[in-house]
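Visitor: One structure coming up, written as C-alpha cells, with questions to follow.
The values are calculated or read from the model by the stated rules, or taken from the named source; none is laboratory data. Keep in mind the model is a prediction, meaning the values are calculated, not measured. Counting neighbours? That spans all protein chains shown, and the Cβs are built from the backbone with ideal geometry, glycine included.
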Amino acid sequence: MSRRIGFLVVLAIAIVGMLVGGCAPVGPSPAAPPEAGPRWQEPIVIGWTPPDITGVFKTATDFFEKSAQDANANGFNVQVIAQSPPTHIAFADQVAIIEDYIQRGVDVIAISPIEVEVIKPAVQKANERGIPVIIVNLLEPIAGLEIASYIGFDNTVAAEVTAYALLDYFGGPGVLGAGRAVEVAPDQYLDIEFWRNLYKDLPEEEKAQIKARGAIIEGVAGGFFSQARLNGFHNVVDQFPGIEIVGVPCAADWNREKGIKCAEDFLTANPTGLDFIWAASNEMGLGAMLASEAAGRLELATEGPVLDDEKVAIFTNDVTPESVDRIAEGKIVAETTHGFADWGWFGTYFAVRLACGLDVPEIYDIRPRIAYLANARQFYPDPVLPELDWEGVKAQCQ
C-alpha cells in the first residue's frame with residue numbers, strides 16, 4: 001500500500017510540473033540590451049566659469065553658446081553651463097563654481113581664472129576625477145596641474161602691442177599718427193611681429209619725435225594678469241625717453257566705475273599736459289573714456305592726432321562689441337583685441353573633442369593685434385571665424 005501511494009505522489013508531482021512548466025505558454029526571450037550609440041549622440045555638458053559675465057566675458061560666453069548651437073545644428077547634443085563670481089575679487093566664489101561642476105559630473109570644465117593660484121586646488125580635484133580642464137585667457141602653463149588646452153594670448157605681448165600703437169599715435173611710424181605712414185592691407189594682422197619689425201632699429205631722429213605724457217590704470221594690483229600687462233606696456237614705452245608716465249598706476253580691479261574714478265583723479269591732478277590714459281582692460285578703458293568725455297577733455301581719433309594740451313587720448317586692451325562702437329566713433333584711439341569670440345568658438349569645439357577622447361592643441365594663441373578706426377568693423381558685430389569641422393569630429397567620436 002505504501003509503495004502505491006508513493007508512486008501516485010510522484011506521478012502527481014510530475015503532472016503538476018508539466019502543467020506549470022513544460023505545458024505553460026512560452027513567452028519571448030528577454031531582449032538583449034541595446035547597443036550604445038556613438039558618443040557624439042550623447043549629451044555633452046561643458047561647465048564654463050569666467051571671472052564675470054559682463055564686457056569681455058559676456059562676449060566669450062556668447063560665443064561658447066554660439067559654438068554649441070553650431071555643434072547642435074550638426075547633430076550634437078551640447079549644453080554650456082555658464083556661472084561666474086559676482087566680481088573680479090570674489091575668489092572663493094569661482095572655486096565653489098568649479099567644485100559644483102565637479103559634483104555635477106560635467107564632461108569638461110573651461111575656466112578663465114580670476115587668479116591662477118586661487119583655482120589650483122579645485123582644478124586638482126577635477127584632475128583626480130578625470131574631468132578635462134581647458135584654461136582660457138592664459139597661455140603660460142600652470143605648474144602641477146593637468147590642463148588639456150590653453151586658449152588665449154600672452155598678456156605681456158598684448159600690452160606691448162597697445163604700447164606700440166601709442167608710440168605710433170604720438171609721432172612714431174605706423175597707421176595712427178602724424179609720424180611716418182606705413183601701408184597695410186585692410187585685413188592685415190597688426191600683431192606683435194608687425195610692430196617689432198617696424199620699430200626695430202628705429203632711427204634716432206624718428207625716436208626723438210615720439211613724445212607724450214600719460215597715466216596708467218591697472219587691474220588688480222599685484223595680480224598675475226595686471227602685472228603681466230604692466231610689464232608689457234613698460235617693456236616698450238620705457239625705451240622711449242619722450243614718453244613720460246605721471247604718478248603711479250591706479251588700480252581699478254578691472255571695473256568700469258572704478259576706472260572712471262581713477263581717470264577723474266588723473267584728470268584733476270593734471271588739468272593740462274595729460275596726453276593719454278592707458279587702461280589695462282576695456283572695462284576700465286571705457287570708464288576712462290567716459291570720465292574724459294564728461295570733463296570735456298576726450299581726444300577724438302576721427303579728427304586725427306590733435307595733440308591738444310588739454311585733450312586726452314584713450315588706449316586700452318580687450319575689444320568687445322561695445323568698445324568697437326567707441327573705436328568707430330573715435331572715442332577710443334586704439335585697443336588690442338584678445339579674441340574673446342575666438343575663446344568661446346574654440347572653447348566649445350575643443351571641449352567637444354575632449355569629451356570624445358580626441359586630441360586638442362595644448363596651446364592655442366589668439367595673436368593679439370590692434371583694432372583702430374580703419375579696421376574696427378573686422379572685429380564686431382560679425383567677427384570672421386573659421387568653420388568648425390563637426391563632421392570630422394563625428395566620424396571619430398564613437
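Visitor: Out of the residues in the range 143-199 meeting the condition of being at pLDDT 95 or above and among the acidic types (Asp, Glu), tell me which one is farthest from Ile111 (Cα to Cα).
Guide: Taking the candidates together, the pick is Glu183.
For every residue, the table says whether it meets (1) crowded, with 22+ Cβ neighbours inside 10 Å; (2) out of contact with any helix residue (DSSP H, G or I) (no Cβ under 9 Å at 6 or more places or on another chain); (3) among the β-branched types (Val, Ile, Thr); (4) under 25 Å from Gln227 (Cα atoms).
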site	(1), (2), (3), (4)
Arg104	no, yes, no, no
Ile109	yes, no, yes, no
Pro121	no, no, no, yes
Gly130	no, yes, no, no
Val133	yes, no, yes, yes
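Visitor: If you don't mind, there's one more thing I want to ask. Does Phe379 qualify as being buried (at least 20 other Cβ atoms within 10 Å of the Cβ), modelled with pLDDT under 95 and within 30 Å of Leu166 (Cα to Cα)?
Guide: yes
Visitor: Can I ask one more? Within the range 224-245, track down each residue that is in contact with a strand residue (DSSP E or B) (Cβ under 6 Å, 6 or more places away or on another chain) and within 19 Å of Asp201 (Cα to Cα).
Guide: Once the filter is applied, which keeps residues that are in contact with a strand residue (DSSP E or B) (Cβ under 6 Å, 6 or more places away or on another chain) and within 19 Å of Asp201 (Cα to Cα), the range 224-245 yields Val237, Ile243.
Visitor: While we're looking at this one, here's another question. Among what's in the range 135-176 and is among the β-branched types (Val, Ile, Thr) and under 14 Å from the mean Cα position of the chain (by Cα), pick the residue that is surrounded by the fewest Cβ atoms within 10 Å (Cβ to Cβ).
Guide: Ile135
Visitor: Quick check on my filter: what residues within the range 268-289 are in contact with a Gly (Cβ under 8 Å, 6 or more places away or on another chain), of a type outside the set (Gly, Ala, Ser) and in a loop (DSSP other than H, G, I, E, B)?
Guide: Leu274, Asp275
Visitor: Hey, any hits in the range 325-344 for a residue that's polar (S, T, N, Q) and closer than 28 Å to Gly172 by Cβ?
Guide: yes
Visitor: How many residues, within the range 271-293, are closer than 22 Å to Phe379 by Cβ and either of a type in the set (Ser, Thr, Tyr) or not assigned by TED's automatic domain parsing to the domain that holds Ala163 (or both)?
Guide: Residues in the range 271-293 being closer than 22 Å to Phe379 by Cβ and either of a type in the set (Ser, Thr, Tyr) or not assigned by TED's automatic domain parsing to the domain that holds Ala163 (or both): 1 in total.
Visitor: Here's something else I'd like to know. If you scan the range 364-398, which residues turn out to be in contact with a strand residue (DSSP E or B) (Cβ under 7 Å, 6 or more places away or on another chain) and under 14 Å from Phe350 (Cα atoms)?
Guide: Answer for the range 364-398, where residues must be in contact with a strand residue (DSSP E or B) (Cβ under 7 Å, 6 or more places away or on another chain) and under 14 Å from Phe350 (Cα atoms): just Tyr364.
Visitor: Going through Gly296, Gly232 one at a time, which residue ends up being assigned by TED's automatic domain parsing to the domain that holds Ala313, surrounded by 24 or more Cβ atoms within 10 Å (Cβ to Cβ) and at pLDDT 95 or above?
Guide: Checking each option against the conditions leaves just Gly232.
Visitor: Right, next: If Ile327 meets every condition in (1) surrounded by fewer than 22 Cβ atoms within 10 Å (Cβ to Cβ); (2) out of contact with any Gly (no Cβ under 8 Å at 6 or more places or on another chain); (3) under 19 Å from Tyr164 (Cβ atoms); (4) not acidic (Asp, Glu) apart from one, which number is that one?
Guide: With (1) surrounded by fewer than 22 Cβ atoms within 10 Å (Cβ to Cβ); (2) out of contact with any Gly (no Cβ under 8 Å at 6 or more places or on another chain); (3) under 19 Å from Tyr164 (Cβ atoms); (4) not acidic (Asp, Glu) applied to Ile327, the lone miss is (1).
Visitor: Still on this structure, please answer the following. Quick check on this structure: which one of Leu166, Leu190, Leu145, Leu176 is of a type outside the set (Asp, Glu) and under 30 Å from Leu358 (Cα atoms)?
Guide: Exactly one of Leu166, Leu190, Leu145, Leu176 is of a type outside the set (Asp, Glu) and under 30 Å from Leu358 (Cα atoms), namely Leu145.
Visitor: Let me ask another. Looking only at residues in the range 203-229 that are of a type in the set (S, T, N, Q) and closer than 25 Å to Ala291 by Cβ, which one is surrounded by the fewest Cβ atoms within 10 Å (Cβ to Cβ)?
Guide: Among them, the one singled out is Gln227.
Visitor: Can you tell me which of Phe194, Phe224 is under 21 Å from Val157 (Cα atoms) and touching a Leu at 6+ places or on another chain (Cβ under 9 Å)?
Guide: Result: Phe224 is the single residue among Phe194, Phe224 that is under 21 Å from Val157 (Cα atoms) and touching a Leu at 6+ places or on another chain (Cβ under 9 Å).
Visitor: Please tell me if Val56 is within 18 Å of Val393 (Cβ to Cβ) and in contact with an Asp or Glu (Cβ under 9 Å, 6 or more places away or on another chain).
Guide: No.
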